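Reading through the structure tokens given below for one structure.
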Amino acid sequence: MIKPTHSSVPGSTSRRNLLKIGGAAVLTTPFVGRAWASTTEINMLAWYGHGEPDVVAEYEAANNVKFVPKYYAGGDNMLALIAQSPPGTYDLILSDAEFVQQLNAAGYIDPLEASDYPLDDMLHEDFNKFPGHWADGKLYSMMLRGGHLGVSYNKNSVTESEAQSYSCFWKPELEGKVGHFDWHLPNLGMMSLYNGNGAALWDIDESKWEAVQETTMSLRKQVGGFFDYGGTFNGLKNGEMQAMCGIGDWITGVLEKDGAPVASTIPKEGGIQFTESYSIGKGSEKADLVKKFIQYMLSPEGQVKSAQMAAYPGFCVTKAGRAKLIEVDPAEAKRSHQMEGMANDPIALINQGRIHYRDIPQQQTLEDWNDFWSEYKNA
């Protein structure tokens, strides 16, 4: 794909407009000189869904590439998979934002050229230099999408009013019917918010950490199971679980679109934003192809693909992407509150201080939190 030149772009020649045009072109125009070449495989490490046909099939066909995804659940598992693989195994790595620093420190990713991406089109100023994505003035990961985590519930068992607090998980009628998505970070983060730690939810001293553990343990009698992605989805779908801790619209949104009586909301104690970002694997021989794909996913068309992803929906992170979603799929834009002026507009919630970016523990280690999570599960 030949990048548009100054003379080929009518009107504005900002980087944002160049990338908007280039993003569309990369989907419709095969790479020069590759039309009759054998298909190039791009090894992807990602959460489930990112390498599925609804997201990548059109791009693959237009650009003579084939994504070979390896899926994981949870940043700890992602790091373990890379550590167990030979260097250069993964060309494209989708990471939860809070793990980019570990990827960088371990030498698993290469720096990106910031000018290649539409940083001037991001929906929120925080997204321009998202925490952990930069080091020594260099960009190492490009933000792709996000989503909010809060109270997820069956509307037949929990009222909208009750869902305005994490306390609903302790509702007596829900004993044995509260599930956990089996990853310590989102669950313990919610317990920290419930304890009133607010913006400091990840930076708690030992006394507050002990309090989070006590609060979490007090919920154990309510819990009917710990689930992976499929189990979380099915537990809510079949009604076995009437509330779920550790998730948000990324699960209930799929079920809601299919007519299930479920919903997610951000409670008064606050919610957590998961943020997914793309990095180029260290030593990848296909870095140029990977860069072009990341550019496509940041184009308006790519952002719509991401927002509509069948496996789990997400929020657009660029202005052009949100505008395109509203244009082509207003029903989904409205359902997910991705419209300015809506009460739960994701950007408005960030500005109101009700959303906190997911992070790793600051005064404990990931192992501390994971060890307690194992203890909790076995209690």
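The values are calculated or read from the model by the stated rules, or taken from the named source; none is laboratory data. Source: prediction; values computed, not measured. When we count neighbours, we look across all protein chains shown, and the Cβ atoms used for this are built from the backbone with ideal geometry, even at glycine. Quick note on the areas: whole protein, heavy atoms, side chains included, nothing else; ligands and nucleic acids left out. Shrake-Rupley method; radii C 1.70, N 1.55, O 1.52, S 1.80 Å.
A few comments on the model shown:
- Flag if Glu210 is under 23 Å from Asn378 (Cα atoms), free of Cβ contacts under 8 Å to residues at least 60 places away in the same chain and open to solvent by 20 Å² or more (accessible area, probe 1.4 Å): yes
- When the criteria are applied in full, Glu375 meets the requirement of being under 18 Å from Gly246 (Cα atoms), open to solvent by 10 Å² or more (accessible area, probe 1.4 Å) and either assigned to a helix (DSSP H, G or I) or at pLDDT below 95 (or both).
- Which numbered condition Ile204 fails, given (1) assigned to a loop (DSSP other than H, G, I, E, B); (2) open to solvent by less than 50 Å² (accessible area, probe 1.4 Å); (3) closer than 24 Å to Asn234 by Cβ: (3)
- Test: Leu103 is open to solvent by less than 40 Å² (accessible area, probe 1.4 Å), not polar (S, T, N, Q) and not in a strand (DSSP E or B): yes
- Scanning the stretch 351-370 for residues that are over 30 Å from Gly259 (Cβ atoms), outside any loop (DSSP other than H, G, I, E, B) and among the hydrophobic types (A, V, I, L, M, F, W, C) gives Leu366, Trp369.
- Out of Thr232, Thr215, one residue alone is β-branched (Val, Ile, Thr) and open to solvent by 20 Å² or more (accessible area, probe 1.4 Å). It is Thr215.
- Of all residues assigned to the stretch 271-293, at least one qualifies as being outside any helix (DSSP H, G or I) and more than 30 Å from Asp110 (Cα to Cα).
- Every residue from the stretch 327-365 that is open to solvent by less than 30 Å² (accessible area, probe 1.4 Å) and over 21 Å from Gly271 (Cβ atoms): Gln364
- Checking each residue in the stretch 149-168 for being in contact (Cβ under 8 Å) with a residue 24 or more places away in the chain and among the charged types (D, E, K, R) picks out Lys155, Glu160.
- Within the stretch 116-164, being assigned to a helix (DSSP H, G or I) and aliphatic (A, V, I, L, M) holds for Leu119, Ala163.
- In the stretch 117-148, the residue that is nearest to Leu185 (Cα to Cα) out of those that are acidic (Asp, Glu), touching a residue at least 40 places away in the same chain (Cβ under 8 Å) and open to solvent by 20 Å² or more (accessible area, probe 1.4 Å) is Asp126.
- Within the stretch 322-348, considering residues that are of a type in the set (A, V, I, L, M, F, W, C) and in a loop (DSSP other than H, G, I, E, B), the one modelled with the lowest pLDDT: Ala343
- Qualifying residue in the stretch 106-115 (condition: part of a strand (DSSP E or B), in contact (Cβ under 8 Å) with a residue 40 or more places away in the chain and either in contact with an Asp or Glu (Cβ under 7 Å, 6 or more places away or on another chain) or open to solvent by 10 Å² or more (accessible area, probe 1.4 Å) (or both)): yes
- Single condition Ser264 does not satisfy, out of (1) farther than 30 Å from Asn156 by Cβ; (2) assigned to a strand (DSSP E or B); (3) of a type in the set (Ser, Thr, Tyr): (1)
- The stretch 59-86, residues that are modelled with pLDDT of 95 or more, open to solvent by 40 Å² or more (accessible area, probe 1.4 Å) and among the charged types (D, E, K, R): Lys66, Lys70
- Only one of Phe99, Phe127 that is under 15 Å from Val317 (Cβ atoms) and aromatic (Phe, Trp, Tyr): Phe127
- Residue pairs meeting the criteria (Cβ under 8 Å; at least 6 apart or on separate chains; first of a type in the set (Gly, Ala, Ser), in the stretch 342-365; second assigned to a helix (DSSP H, G or I)): Gly353/Ala199
- Residue pairs meeting the criteria (Cβ under 8 Å; at least 6 apart or on separate chains; first free of Cβ contacts under 8 Å to residues at least 24 places away in the same chain, in the stretch 183-203; second among the β-branched types (Val, Ile, Thr) and surrounded by fewer than 22 Cβ atoms within 10 Å (Cβ to Cβ)): Ser192/Ile204; Asn195/Thr215; Asn197/Ile204
- Qualifying residue in the stretch 296-315 (condition: among the basic types (Lys, Arg), closer than 22 Å to Ser277 by Cβ and either open to solvent by less than 50 Å² (accessible area, probe 1.4 Å) or under 19 Å from the mean Cα position of the chain (by Cα) (or both)): yes
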